[in-house]
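What follows is a short report on a single structure.
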2 protein chains.
Amino acid sequence: MKLAIQPLYVFSLACLLLTSACNAETEWRALSPENTVLMTLPQGKVVIELAPQFSPSHVQQFSKLVKEGHYDGNKFYRVIDGFVAQGGPEDGSAKDKAVPILKIEGEWTTDKKWSFTKVQDNDLFAEQTGFKDGFAIAHNPSEKAAWLTHCPGTIAMARGNEADSASSHFYIPNGQALRYLDRIMTIFGRVVFGMEHVQAIRRTSVIEGQPAVDSRDFTPIVSMQMMSDVPKEQQILIEVENTETTAFTERLVKRRKRDNPFFYKKPLPVLDVCQVPLKTRLVK
Amino acid sequence: MKLAIQPLYVFSLACLLLTSACNAETEWRALSPENTVLMTLPQGKVVIELAPQFSPSHVQQFSKLVKEGHYDGNKFYRVIDGFVAQGGPEDGSAKDKAVPILKIEGEWTTDKKWSFTKVQDNDLFAEQTGFKDGFAIAHNPSEKAAWLTHCPGTIAMARGNEADSASSHFYIPNGQALRYLDRIMTIFGRVVFGMEHVQAIRRTSVIEGQPAVDSRDFTPIVSMQMMSDVPKEQQILIEVENTETTAFTERLVKRRKRDNPFFYKKPLPVLDVCQVPLKTRLVK
């Protein structure tokens with residue numbers, strides 16, 4: 001994106017020079033219940049926004065499996081601190097084997113018309129980072145490639161050694177971003193509510209000297225439902241900050257400036273794309 | 001550190017070219033019970049290694065407060081998802097006001113003799129990153145400055161707007177690293193065991209539309225003790241990987257290479273210093 005010719009940029013520059021110019025109101029985007037998943041864990045409810053615009057086949061298969069009750073009673077069987085919580089059906093079971101294999105959707109090709117809200121150049125793992133439709137992404141203009149990035153709370157499909165070997169097992173990073181998995185895994189959604197419950201999923205991997213965790217104690221998925229299939233009175237309806245707006249661009253500028261007396265010495269004007277919290281609100 | 005003249009580098013280069021050369025055994029460093037804190041939460045036990053070599057005054061004051069029982073019954077009153085779990089005595093209480101104010105220890109000066117185990121150049125927030133004594137650090141040779149970095153699980157002292165205004169309130173990042181707080185806060189330790197319990201601390205900050213959390217429901221600190229004051233049979237004794245060894249340097253080289261068939265396409269040879277898990281084991 002050539003920021004220099006975008007109206008947003010003119011606004012941002014004004015905002016950069018004059019804090020009082022930064023006052024656009026947050027615009028909200030309602031998540032469609034057809035595109036949202038409710039995962040119920042023993043410790044609480046988790047809401048996941050799906051990303052069909054980026055990973056259509058994965059979202060289609062995941063949604064179908066959710067509707068079929070595939071994940072109900074599944075366990076988080078591979079949970080490693082600072083890495084991921086991974087769940088799915090019993091490995092090698094009939095239920096597991098019945099699921100079709102997916103082709104990887106780890107990145108997409110960009111063209112001249114393609115745009116996003118840039119966070120910054122000079123990222124460690126990409127030429128640019130930013131947001132599109134509320135998702136943290138990375139972009140290499142030199143390759144005309146963009147991809148969703150592994151921030152805490154993204155949901156991605158696990159796979160074997162082959163690129164095209166994912167089926168239904170999924171994982172959610174529970175600590176520091178796993179950016180080195182970008183482009184070689186398919187991210188297909190993100191947790192928008194209840195991340196604390198994902199982080200509380202029982203670790204299955206222990207350190208040397210600790211007793212192994214009995215698989216009966218693994219955290220189960222009580223149920224996984226498309227939000228549109230949840231009875232109206234139990235639905236959790238979420239709105240998220242629209243990342244394609246002046247207000248959001250302003251927020252990025254403000255965040256980079258750290259124009260607050262708490263920052264008695266200003267940090268470098270750097271934004272880690274995985275450390276830009278997006279505003280979320282509960283409609284009901 | 002000029003890696004080119006270090007024996008470790010020669011070894012690493014051999015290891016880089018020839019995987020079979022990478023086979024040094026992990027060397028372990030036992031944490032001293034006098035330098036380790038046991039924080040008991042309702043959901044489990046957390047062990048913190050202190051860093052007196054980097055932040056002597058903060059460690060001295062924190063240890064003294066721990067011994068006096070200052071933190072017993074305190075609450076985590078500011079817990080924000082993807083940010084921090086912050087705890088301490090009731091704000092403005094006599095107990096709170098009685099604690100002396102500390103001078104910030106956010107960074108230190110390096111000289112020619114100073115060395116560390118480098119992870120890499122070209123970090124977003126520093127000229128170099130690496131490890132020293134098991135702690136993730138950053139280093140700007142041009143400024144002769146180094147500092148502990150805000151990775152998930154580091155423990156740091158909260159403060160007001162003034163640099164020298166910390167006393168006893170502390171925080172632990174619970175999600176993506178907060179590198180923008182580096183150098184302007186004092187990190188004085190890190191969680192080496194039980195991070196899942198820190199991540200499970202009840203969020204006190206809710207989103208728009210959610211009911212506020214009653215302060216009676218905030219997660220309490222059941223007790224905080226120096227490990228040396230814990231009865232022997234209840235002590236949790238931890239050993240951590242020694243980061244000043246050939247074996248650790250080899251691990252960094254291996255991790256950067258991603259020499260595993262799972263990586264059918266290799267990621268960039270980049271290591272985020274906060275995404276280098278350190279080995280830990282339980283002695284008893």
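The values are calculated or read from the model by the stated rules, or taken from the named source; none is laboratory data. Note that this is a predicted model, so its numbers are computed, not measured. Ideal geometry is used to build each Cβ from the backbone, glycine not excepted, and the neighbour counts take in all protein chains shown. These area figures cover heavy atoms from the full protein model, side chains too; ligands, DNA and RNA do not enter into them. Shrake-Rupley method; radii C 1.70, N 1.55, O 1.52, S 1.80 Å.
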Pull up segment B:166-177, narrow it to residues that are of a type in the set (A, V, I, L, M) and more than 7 Å from chain A (Cβ to nearest Cβ), then point me to the one that is farthest from B:L278 (Cα to Cα). B:A166
Anything in segment B:226-237 that is over 13 Å from B:K284 (Cβ atoms), assigned to a helix (DSSP H, G or I) and not hydroxyl-bearing (S, T, Y)? List them, or say none. B:D229
Within segment B:252-284, track down each residue that is over 21 Å from the mean Cα position of the chain (by Cα), open to solvent by less than 30 Å² (accessible area, probe 1.4 Å) and free of Cβ contacts under 8 Å to residues at least 60 places away in the same chain. B:R258, B:F263, B:P267
Restricting segment A:178-217 to residues that are more than 29 Å from A:G106 (Cα to Cα) and part of a loop (DSSP other than H, G, I, E, B), the one nearest to the other protein chains (Cβ to nearest Cβ) turns out to be A:G209
State whether the residues of segment A:47-62 include one that is open to solvent by 50 Å² or more (accessible area, probe 1.4 Å) and among the charged types (D, E, K, R). no
Suppose we keep only residues that are in contact with a Leu (Cβ under 7 Å, 6 or more places away or on another chain) and closer than 12 Å to B:V37 by Cα within segment B:218-236. Which one would you say is farthest from the other protein chains (Cβ to nearest Cβ)? B:Q225
Could you please find all residues in segment A:98-118 being open to solvent by less than 20 Å² (accessible area, probe 1.4 Å) and under 12 Å from A:E244 (Cα atoms)? A:F116, A:T117
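Give me a count of the residues in segment A:61-71 that are over 17 Å from the mean Cα position of the chain (by Cα) and in a helix (DSSP H, G or I).
Step one: filter segment A:61-71 for residues over 17 Å from the mean Cα position of the chain (by Cα), giving A:61, A:64-71.
Checking which are in a helix (DSSP H, G or I) leaves us with A:61, A:64-68.
Residues meeting the conditions: 6.
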Just name the residue that is least open to solvent (accessible area, probe 1.4 Å) out of those in segment A:152-177 that are within 15 Å of A:E49 (Cα to Cα) and assigned to a loop (DSSP other than H, G, I, E, B). A:G153
Would you mind stating whether B:I238 is closer than 26 Å to B:V84 by Cα and open to solvent by less than 10 Å² (accessible area, probe 1.4 Å)? yes
Do we have any residue at all in segment B:145-152 that's facing chain A (nearest Cβ under 8 Å) and within 29 Å of A:V84 (Cα to Cα)? yes
Might you check whether a residue that is within 16 Å of the chain's Cα centre (by Cα) and over 17 Å from A:A85 (Cα atoms) occurs anywhere in segment A:183-197? yes
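Conditions (1) at the interface with another protein chain (Cβ under 10 Å from one of its Cβ atoms); (2) assigned to a loop (DSSP other than H, G, I, E, B); (3) among the aliphatic types (A, V, I, L, M), marked per residue:
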residue: A:E239; (1), (2), (3): yes, no, no
residue: A:E244; (1), (2), (3): no, yes, no
residue: A:V253; (1), (2), (3): no, no, yes
residue: A:R256; (1), (2), (3): yes, no, no
residue: A:D259; (1), (2), (3): no, yes, no
residue: A:Y264; (1), (2), (3): yes, yes, no
residue: A:L268; (1), (2), (3): yes, yes, yes
residue: A:C274; (1), (2), (3): yes, no, no
residue: A:R281; (1), (2), (3): yes, no, no
Considering residues that are under 23 Å from the mean Cα position of the chain (by Cα) and small (G, A, S), the number found within segment B:212-249 is 3
Whichever residue in segment B:65-81 is within 14 Å of chain A (Cβ to nearest Cβ) and surrounded by fewer than 21 Cβ atoms within 10 Å (Cβ to Cβ) and, among such residues, is farthest from B:V206 (Cα to Cα): B:R78
